[in-house]
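First the structure, in the form of structure tokens, and then the observations on it.
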Amino acid sequence: MSIESVKKHILERMAAAGRKAFGQAPEGLAVVFPPDLQLGHFAVGCFPLAKPLRKSPAEIARTLAAGIAADDVIQAVTAAGPYINFTVHPKILFEDTLAEIISAGASYGDSRAGESRRVMVEYLSPNTNKPLHLGHLRNAALGISVARLLAATGHRVVKSILINDRGVHICKSMLAWQRFGNGATPQSAGMKGDHFVGTWYVRYAIESEKDAALEARVQEMLKNWEAGDPATLGLWKRMNQWVYDGFAATYRRFGMDFDVFYYESDTYKLGKDVIAEGLRKNVFATDERGNTVYHLPEAQFGLEKSGAPKKVTVLRPDGTSLYISQDIGTAILKVTQHGLDSSVYVVGSEQEHHFKCLFSMLGALGYAWAANCYHLSYGMVYLPEGKMKSREGKVVDADDLIAGMEELAEVEIRKRDPERRLSEEEIKRRAAVIGTGAIKYYLLRVRPAQSINFDPAESISFDGFTGPYCQYAYARIYGILEKAGQRGLTDADADFARLGNLEELLLLKLLIQFPEEVASAVAEYNPSRVAAHIFNTAKAFNQFYNKHAVIQAESPAGAAARLALIKATAAVLKRGLGLLGVDVLENM
RNA sequence: GCGCCUGUAGCUCAGCUGGAUAGAGCAACGGACUUCUAAUCCGUAGGCCGGGGGUUCGAAUCCCUCCAGGCGCGCCA
């Protein structure tokens with residue numbers, strides 16, 4: 001019997017009791033889990049009946065509870081204040097639910113809620129003048145997870161990246177390399193390409209302090225680039241390729257992947273046609289200074305102090321474009337190229353206003369899909385000393401952080417392998433799964449809107465509310481299943497009537513709730529829902545593990561039932577972590 | 001000045017579409033490995049849920065207001 005059927009059965013019995021006691025069937029009741037499973041397996045609050053029956057919820061609960069007798073589903077009924085608590089026969093509770101989870105396996109919790117709608121998730125948007133930093137990793141972790149969550153709920157997902165590969169900041173590293181590089185390459189310097197280029201960006205900052213004339217040289221270089229000067233373009237391509245080679249390694253290491261790469265050098269001229277058309281249709285206007293502007297609707301944006309509408313410039317008087325003009329063009333390009341129903345932009349909260357303006361304009365231009373666009377805004381990552389802003393020089397380098405975490409994981413792995421049975425390759429593989437998993441989990445366990453105070457000591461911990469903790473629970477289950485297999489034990493012939501202790505009930509409850517949490521996470525674009533739920537599930541398993549034997553259960557039929565329970569738990573842990581972009585290990 | 005976000009245990013955070021005694025992790029202290037991996041578990045201690053009003057049978061949750069911090073507010077990205 002499925003949980004839904006059990007709930008339905010409870011409501012039917014409530015209805016029957018209500019008709020008998022009050023002459024009417026109760027309406028609007030919901031079956032929920034009690035806060036403490038010792039109270040019962042399911043509960044119904046009688047609040048909605050108080051008004052129509054003009055009695056207190058507690059009195060109604062007492063009357064109804066007295067009118068419901070035990071049957072082959074319900075074992076016991078008790079009134080507790082305004083609630084009626086139901087205890088259900090364990091066999092009914094566990095049997096079909098565990099069978100369903102085990103048979104669904106990797107797809108448990110999935111749904112078709114997205115109705116195959118096509119959605120693009122854009123994330124990362126790096127600059128090609130320096131390596132990725134911790135802030136990018138938060139962005140990536142969110143993008144990876146949200147893409148997976150959307151796919152799991154029946155959306156067709158296209159992952160994209162917008163690379164800021166042009167502009168003055170790019171020219172700065174180019175100029176510094178040209179002047180001071182003496183033909184050095186990442187190979188000759190023995191550096192990853194993005195780090196190598198980053199050193200020249202830093203070098204520019206140092207040199208320009210001493211020589212104010214460099215600024216003019218950079219502007220000149222930018223002009224040459226825009227004019228298509230072959231030498232400048234050659235240098236630009238060469239240095240960007242170094243960066244891309246470096247980025248590719250980081251993408252791979254962190255599990256980022258993209259179906260579509262957009263380059264600002266391709267997209268920065270987009271939008272002008274649409275803006276011109278919008279001007280004809282009076283979506284845009286020309287202001288007194290010659291700017292093409294968009295008047296922000298008062299209803300959403302309010303007015304200036306003067307009472308004039310707020311506005312945003314979409315084109316300069318000389319016709320050159322701005323960030324938002326390109327974004328208009330790129331948004332439309334995305335939709336036309338990929339037949340999108342919606343777009344998700346994973347971008348920091350400092351750009352909230354920008355995206356509100358962008359979506360408003362797209363709507364005003366007549367694109368119905370604008371209403372489905374979503375800015376997945378996330379808070380800053382702060383360092384103990386201050387903000388994660390590369391301009392201020394204080395950053396945590398992404399590659400360094402990943403390497404550091406993997407090294408720590410490696411130390412722990414070696415500690416657990418005193419007899420040196422593991423190959424170096426296997427140690428590295430495990431270290432990578434644990435290290436990157438720890439980072440992703442650390443970045444995803446809080447709500448996107450919440451800023452993160454990056455505490456180096458806490459972030460490297462593998463204890464408590466962490467990825468490795470969850471991975472460890474999975475590995476433990478795998479160990480038991482493996483040993484059970486060796487002894488010829490399976491979850492067949494399970495007697496589910498033997499389950500039902502508090503630890504087993506809590507575990508089952510969490511397994512049942514997993515699909516709801518996935519649905520909430522998608523609805524809120526909030527992977528932390530899944531992170532928290534998976535942690536709770538791992539913890540519930542560890543509590544169960546410490547108190548009850550599986551293979552050495554009281555009876556073979558009981559062992560089989562517990563095997564089914566932990567098998568289902570493993571499926572949920574793996575799926576949940578997978579939705580966070582975190583892999584699992586069979587052995588840790 | 002205006003808008004958005006944040007304020008919950010010593011620290012970091014859940015809970016925010018209103019419901020049973022406000023939860024977790026870390027840190028502190030005390031325990032548990034001859035038995036499926038101790039990267040684990042158990043226990044103790046720790047809260048005017050920023051302040052004040054209001055709505056409600058019921059508020060950390062909704063409304064108003066004040067305080068504190070962050071981000072942003074056309075011709076940067």
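Within the bounds of the range A:444-454, is there any residue that is within 26 Å of residue A:546 (Cα to Cα) and either near RNA strand B (Cβ under 9 Å from one of its atoms) or crowded, with 19+ Cβ neighbours inside 10 Å (or both)? Write out each step before concluding.
Taking the range A:444-454 as the starting set, the residues that turn out to be within 26 Å of residue A:546 (Cα to Cα) are A:445.
Filter once more, keeping what is either near RNA strand B (Cβ under 9 Å from one of its atoms) or crowded, with 19+ Cβ neighbours inside 10 Å (or both): A:445.
Looking for residues that are within 26 Å of residue A:546 (Cα to Cα) and either near RNA strand B (Cβ under 9 Å from one of its atoms) or crowded, with 19+ Cβ neighbours inside 10 Å (or both), one finds at least one in the range A:444-454, hence yes.
Conditions (1) more than 9 Å from RNA strand B (Cβ to nearest atom); (2) open to solvent by less than 80 Å² (accessible area, probe 1.4 Å); (3) free of Cβ contacts under 8 Å to residues at least 60 places away in the same chain, marked per residue:
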{"site": "A:260", "(1), (2), (3)": "yes, yes, no"}
{"site": "A:276", "(1), (2), (3)": "yes, yes, yes"}
{"site": "A:293", "(1), (2), (3)": "no, yes, yes"}
{"site": "A:313", "(1), (2), (3)": "no, yes, yes"}
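Answer yes if at least one residue in the range A:144-162 is within 13 Å of RNA strand B (Cβ to nearest atom), open to solvent by less than 10 Å² (accessible area, probe 1.4 Å) and modelled with pLDDT of 95 or more, and no otherwise. Steps first, answer last, please.
Residues of the range A:144-162 within 13 Å of RNA strand B (Cβ to nearest atom): A:162.
Right, trim to open to solvent by less than 10 Å² (accessible area, probe 1.4 Å) and you get none.
Within the range A:144-162, not a single residue is within 13 Å of RNA strand B (Cβ to nearest atom), open to solvent by less than 10 Å² (accessible area, probe 1.4 Å) and modelled with pLDDT of 95 or more.
Looking only at the range A:330-365, which residues are more than 9 Å from RNA strand B (Cβ to nearest atom), in contact with a Lys or Arg (Cβ under 9 Å, 6 or more places away or on another chain) and either open to solvent by less than 30 Å² (accessible area, probe 1.4 Å) or free of Cβ contacts under 8 Å to residues at least 24 places away in the same chain (or both)?
A:340, A:342, A:343, A:365
Here is a list: A:408, A:481. Which entry is near RNA strand B (Cβ under 9 Å from one of its atoms), open to solvent by 10 Å² or more (accessible area, probe 1.4 Å) and more than 22 Å from residue A:141 (Cβ to Cβ)? First the steps, then the outcome.
Numbers: A:408 fails: more than 22 Å from residue A:141 (Cβ to Cβ).
Exactly one of A:408, A:481 is near RNA strand B (Cβ under 9 Å from one of its atoms), open to solvent by 10 Å² or more (accessible area, probe 1.4 Å) and more than 22 Å from residue A:141 (Cβ to Cβ), namely A:481.
From the residues in the range A:60-78 that are in contact with a strand residue (DSSP E or B) (Cβ under 8 Å, 6 or more places away or on another chain) and not aliphatic (A, V, I, L, M), which one is least open to solvent (accessible area, probe 1.4 Å)?
A:78
Is one or more of the residues making up the range A:567-583 within 9 Å of RNA strand B (Cβ to nearest atom), in contact (Cβ under 8 Å) with a residue 12 or more places away in the chain and on the phi < 0 side of the Ramachandran plot?
Kept after step one, since they are within 9 Å of RNA strand B (Cβ to nearest atom), are these residues of the range A:567-583: none.
Within the range A:567-583, none of the residues are within 9 Å of RNA strand B (Cβ to nearest atom), in contact (Cβ under 8 Å) with a residue 12 or more places away in the chain and on the phi < 0 side of the Ramachandran plot.
Could you check, for the range A:515-532, whether at least one of its residues is touching a Gly at 6+ places or on another chain (Cβ under 7 Å), under 20 Å from residue A:447 (Cβ atoms) and of a type outside the set (Phe, Trp, Tyr)? So that I can check it myself, show each step before the final result.
Within the range A:515-532, the first condition is being touching a Gly at 6+ places or on another chain (Cβ under 7 Å), and the residues that meet it are A:515, A:518, A:530.
Keeping just the survivors that are under 20 Å from residue A:447 (Cβ atoms) gives A:518, A:530.
With of a type outside the set (Phe, Trp, Tyr) added as a condition, the list becomes A:518, A:530.
Within the range A:515-532, one or more residues are touching a Gly at 6+ places or on another chain (Cβ under 7 Å), under 20 Å from residue A:447 (Cβ atoms) and of a type outside the set (Phe, Trp, Tyr).
Results for (1) near RNA strand B (Cβ under 7 Å from one of its atoms); (2) under 18 Å from residue A:152 (Cα atoms); (3) touching a Pro at 6+ places or on another chain (Cβ under 8 Å), shown as yes or no for each residue.
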site: A:501; (1), (2), (3): no, no, no
site: A:509; (1), (2), (3): no, no, no
site: A:519; (1), (2), (3): no, yes, no
site: A:523; (1), (2), (3): no, yes, no
site: A:539; (1), (2), (3): yes, no, no
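Identify the residue in the range A:1-34 that is open to solvent by 50 Å² or more (accessible area, probe 1.4 Å) and basic (Lys, Arg) and, among all such residues, is farthest from residue A:55 (Cα to Cα).
A:8
Being within 16 Å of RNA strand B (Cβ to nearest atom) and within 34 Å of the chain's Cα centre (by Cα), is that true of even one residue in the range A:4-14?
Yes, the range A:4-14 contains at least one residue that is within 16 Å of RNA strand B (Cβ to nearest atom) and within 34 Å of the chain's Cα centre (by Cα).
Please verify whether the range A:122-139 includes one or more residues that are closer than 30 Å to residue A:3 by Cβ, in contact with a strand residue (DSSP E or B) (Cβ under 7 Å, 6 or more places away or on another chain) and more than 15 Å from RNA strand B (Cβ to nearest atom). I'd like the intermediate steps shown before the answer.
First, pick out the residues of the range A:122-139 that are closer than 30 Å to residue A:3 by Cβ: none.
No, the conditions are met nowhere in the range A:122-139.
Within the range A:316-329, can one find any residue that is more than 14 Å from RNA strand B (Cβ to nearest atom) and not charged (D, E, K, R)? Spell out how you get there, then give the answer.
Here is the first cut: in the range A:316-329, the ones more than 14 Å from RNA strand B (Cβ to nearest atom) are none.
No: the range A:316-329 contains no residue that is more than 14 Å from RNA strand B (Cβ to nearest atom) and not charged (D, E, K, R).
Taking the condition outside any helix (DSSP H, G or I) and open to solvent by 20 Å² or more (accessible area, probe 1.4 Å), does residue A:234 pass?
On the way: outside any helix (DSSP H, G or I): no; open to solvent by 20 Å² or more (accessible area, probe 1.4 Å): yes.
Spelling it out, it is not the case that residue A:234 is outside any helix (DSSP H, G or I) and open to solvent by 20 Å² or more (accessible area, probe 1.4 Å).
Return the pair list, or none, for Cβ contacts closer than 8 Å from residues in the range A:470-493 that are acidic (Asp, Glu) to residues that are within 9 Å of RNA strand B (Cβ to nearest atom) and outside any helix (DSSP H, G or I), at least 6 apart or on different chains.
A:482/A:586
Out of (1) within 6 Å of RNA strand B (Cβ to nearest atom); (2) under 20 Å from the mean Cα position of the chain (by Cα); (3) more than 18 Å from residue A:569 (Cα to Cα), the odd one out for residue A:459 is which?
(1)
Which of (1) in contact (Cβ under 8 Å) with a residue 12 or more places away in the chain; (2) part of a helix (DSSP H, G or I); (3) surrounded by fewer than 24 Cβ atoms within 10 Å (Cβ to Cβ) does residue A:520 not meet, given it meets every other one?
Going through (1) in contact (Cβ under 8 Å) with a residue 12 or more places away in the chain; (2) part of a helix (DSSP H, G or I); (3) surrounded by fewer than 24 Cβ atoms within 10 Å (Cβ to Cβ) one by one, residue A:520 breaks only (1).
Could you tell me which residue of the range A:352-399 is modelled with the lowest pLDDT, considering only residues that are under 30 Å from residue A:253 (Cβ atoms) and among the basic types (Lys, Arg)?
For the range A:352-399, the residue satisfying everything is A:391.
Note down all Cβ pairs under 9 Å where the first residue falls in the range A:132-153 and is free of Cβ contacts under 8 Å to residues at least 12 places away in the same chain, the second is open to solvent by 10 Å² or more (accessible area, probe 1.4 Å) and of a type in the set (Val, Ile, Thr), and they're at least six residues apart or on different chains.
A:151/A:157
Among the residues of the range A:430-440, is any open to solvent by 40 Å² or more (accessible area, probe 1.4 Å), at negative phi and part of a helix (DSSP H, G or I)?
Narrowing the range A:430-440 to residues open to solvent by 40 Å² or more (accessible area, probe 1.4 Å): none.
Within the range A:430-440 (the criterion being open to solvent by 40 Å² or more (accessible area, probe 1.4 Å), at negative phi and part of a helix (DSSP H, G or I)), the answer is no, since none of the residues qualifies.
Taking the range A:42-59, which residues are within 14 Å of residue A:85 (Cβ to Cβ) and either away from RNA strand B (no atom under 16 Å from the Cβ) or open to solvent by less than 20 Å² (accessible area, probe 1.4 Å) (or both)?
Hits for the range A:42-59 are A:42, A:43, A:44, A:45, A:46.
Considering each residue of the range A:484-503, count those that are more than 18 Å from residue A:42 (Cβ to Cβ), within 35 Å of the chain's Cα centre (by Cα) and open to solvent by less than 30 Å² (accessible area, probe 1.4 Å), and give that number.
Summing the residues that are more than 18 Å from residue A:42 (Cβ to Cβ), within 35 Å of the chain's Cα centre (by Cα) and open to solvent by less than 30 Å² (accessible area, probe 1.4 Å) in the range A:484-503 gives 1.
Within the range A:170-201, which residues are over 14 Å from residue A:249 (Cβ atoms), without any contact (Cβ under 8 Å) to a residue 12 or more places away in the chain and either buried (at least 17 other Cβ atoms within 10 Å of the Cβ) or outside the structural domain of residue A:223 (by TED's automatic domain parsing) (or both)?
Residue satisfying the conditions is A:199 alone.
The values are calculated or read from the model by the stated rules, or taken from the named source; none is laboratory data. Please read these numbers as outputs of a predicted model, since none were measured by experiment. Heads up, the Cβs are rebuilt from the backbone with ideal geometry, glycines too, and the neighbour counts pull from every protein chain shown. For the accessible areas, the whole protein counts, side chains as well, though only heavy atoms, and no ligand, DNA or RNA atoms are used. Shrake-Rupley method; radii C 1.70, N 1.55, O 1.52, S 1.80 Å.
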